[in-house]
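Participant: The structure follows.
The values are calculated or read from the model by the stated rules, or taken from the named source; none is laboratory data. Since the model is a prediction, treat every value here as computed from it, not as a measurement. Here the Cβ positions follow ideal geometry from the backbone for every residue, glycine too, while neighbour counts run over all protein chains shown.
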Amino acid sequence: MSLLQVTNLSKSFGGNRAVDGVSFDVAAGELLALIGPNGAGKSTTFNMVNGQLRADAGSIRLSGVELIGRKPRDVWRLGVGRTFQIAETFASLTVVENVQMALLSADAKLYALWRRAAEHRRDEALALLEQVGMQPQADRPCSVLAYGDVKRVELAVAMANAPKLLLMDEPTAGMAPQERNALMALTKRLVVERGMAVLFTEHSMDVVFAHADRIIVLARGRLIAQGRPAEIRDHPEVQAVYFGTGKTFEARKAAAA
């Protein structure tokens with residue numbers, strides 16, 4: 001059964017139809033990649049699911065609950081987490097304090113003094129960090145971490161509200177190849193263990209084809225293909241949109257080698 005159901009989603013900016021009647025679903029335990037060339041409508045689709053943009057038409061349902069018209073905060077409380085292309089953490093706080101801040105927000109509590117909040121759900125924060133391999137660095141400032149480790153902290157922060165659905169915007173941007181694959185393998189493990197779903201955008205086709213369970217492809221706001229990685233790899237319209245008629249993902253990879 002689908003956890004997220006997107007039906008006939010549309011959004012225009014002036015005379016430009018950024019997203020045009022897009023429909024797809026994501027199941028629990030699934031990593032769904034959303035790809036397409038620049039201007040395809042990926043970010044607009046993401047921002048509508050997240051509540052940052054309101055759709056002109058269509059439906060976005062999470063476990064049967066309509067998300068359109070809800071503010072990002074309310075969407076988050078319903079179980080939608082998000083990571084960003086540029087990792088967003090509090091550099092001046094420690095690793096564990098970053099996760100504790102997210103837990104505070106999940107609890108909708110405000111504290112006048114950080115001293116009062118310093119022990120708030122610390123054990124749970126440490127447990128989240130253990131899941132992403134960052135517990136040994138819990139008391140280090142985020143400002144001194146390597147970028148790949150910051151991405152892991154951001155993932156722990158995103159899981160603080162126990163999301164049903166995790167939106168990941170270019171999760172491996174700025175990372176070395178080994179770091180990219182390690183982060184996505186970790187994400188897949190968490191998806192399976194927690195039974196959540198992930199919708200992610202990604203420019204690295206190696207990452208997409210290695211880790212996505214299914215792929216949907218947008219071009220000029222329209223959904224042009226969806227299916228398993230092998231199906232998308234050989235899809236003629238996808239090949240034409242990305243590389244021009246006659247070229248393939250394998251040919252581009254070989255040319256870059």
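Participant: Name the residues in the stretch 36-79 that are more than 24 Å from Arg214 (Cα to Cα) and surrounded by fewer than 16 Cβ atoms within 10 Å (Cβ to Cβ), would you?
Facilitator: Gln52, Arg54, Asp56, Ala57, Gly69, Lys71, Pro72, Arg73, Asp74, Arg77
Participant: Continuing with the same structure: Would you mind finding the one in Ala33, Ala18 that is under 15 Å from Phe200 (Cβ atoms), of a type in the set (Gly, Ala, Ser), crowded, with 18+ Cβ neighbours inside 10 Å and in contact (Cβ under 8 Å) with a residue 60 or more places away in the chain?
Facilitator: Ala33
Participant: Starting from the stretch 147-166, take each residue that is within 15 Å of Pro136 (Cβ to Cβ) and list its partners that are assigned to a helix (DSSP H, G or I) and not hydroxyl-bearing (Ser, Thr, Tyr), counting only C-beta distances under 6 angstrom and pairs at least six apart or across chains.
Facilitator: Final answer for the pair search is Gly148/Glu179; Val153/Val95; Val153/Asn98; Ala156/Val99; Ala156/Leu128; Ala156/Leu129.
Participant: May I ask you to verify whether Val208 is modelled with pLDDT of 95 or more and in contact with a helix residue (DSSP H, G or I) (Cβ under 8 Å, 6 or more places away or on another chain)?
Facilitator: no
Participant: Okay, next question. Is there a residue being charged (D, E, K, R), surrounded by fewer than 20 Cβ atoms within 10 Å (Cβ to Cβ), at pLDDT 90 or above and within 20 Å of the chain's Cα centre (by Cα) anywhere in the stretch 229-248?
Facilitator: no
Participant: Oh, and also: Assuming Leu53 fulfils every condition listed in (1) at positive phi; (2) touching a strand residue (DSSP E or B) at 6+ places or on another chain (Cβ under 7 Å) apart from one, which condition is it?
Facilitator: Exception for Leu53: condition (1).
Participant: So which residues in the stretch 36-49 are over 18 Å from Arg228 (Cα atoms), in contact (Cβ under 8 Å) with a residue 24 or more places away in the chain and not hydrophobic (A, V, I, L, M, F, W, C), if there are any at all?
Facilitator: Those that are over 18 Å from Arg228 (Cα atoms), in contact (Cβ under 8 Å) with a residue 24 or more places away in the chain and not hydrophobic (A, V, I, L, M, F, W, C): Pro37, Gly39, Gly41, Lys42, Ser43, Thr44, Thr45.
Participant: Tell me whether the stretch 176-193 contains one or more residues that are closer than 18 Å to His211 by Cα, part of a loop (DSSP other than H, G, I, E, B) and either at pLDDT 95 or above or not polar (S, T, N, Q) (or both).
Facilitator: yes
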